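Okay, so here's the structure we're looking at.
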């Protein structure tokens, strides 16, 4: 997938990815997803994301990866119970390195489902943006939690 970086001459795949990502970070995701497409997304590839590293499960929730976010959250609680809070550092590193690949797998799944559902490209792009993108409520909720935690 050659990436034109979001101009008017984008092909359908580029427009679908841009609709799915729905953020100013499109060039980074386009390059990252192009790297992942080299092995058809079959094998996890380490691609660093500072947002995923510092955001952790919040990054996953932000990107609508709810099941994965809850899984990492529960896994983190269990590991912290047995090994203490220091275990969160390796978990943060894992999320920082593998979350983009997890998002790529979700992109492929949604794209496949959308293309199966309709043949109209405009409707496909609308669905890609609706099903992909990000959850606009995650960051305000995170800020409220952080402020509440600091005040208590």
Highest mean packing first, using Cβ neighbours within 10 angstrom, the peptides 49-55, 97-103 sort as 97-103, 49-55
Per the helix-only model, the chain has a calculated mean residue ellipticity at 222 nm (DSSP H runs of ≥4, -39500 (n - 2.57) each, divided over all residues, rounded to the nearest 500) of -22500 deg cm²/dmol
Helix 12-21 sits off the longest principal axis of the Cα atoms of the chain, rounded to the nearest 10 on a 0 to 90 degree scale, by 20 degrees
In a Gaussian network model of the chain with springs linking alpha carbons closer than 10 Å, the residue among 13, 120, 130 that fluctuates most is 120
Rounded to a whole number, the Stokes-Einstein D of region 39-152 in µm²/s (Kirkwood radius over Cα pairs; 37 °C; 0.692 mPa s) is 209 µm²/s
For 109, 136, ascending order of other Cβ atoms within 10 Å (fewest first) is 136, 109
Under the 7 Å Cα-to-Cβ spin-label approximation, residue 50 and residue 135 lie apart by a distance in nanometres of 2.5 nm
The correct pair for region 1-104, radius of gyration to one decimal and Dmax as a whole number, both in Å and from Cα atoms, is 15.3, 53
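Every number here is computed from the coordinates shown, using simple stated rules; none is lab data. This structure is a prediction, so every number in the text was calculated from the model and none was measured. Neighbour counts are summed over all protein chains in view; Cβ atoms, including those assigned to glycine, are modelled from backbone coordinates with ideal geometry.
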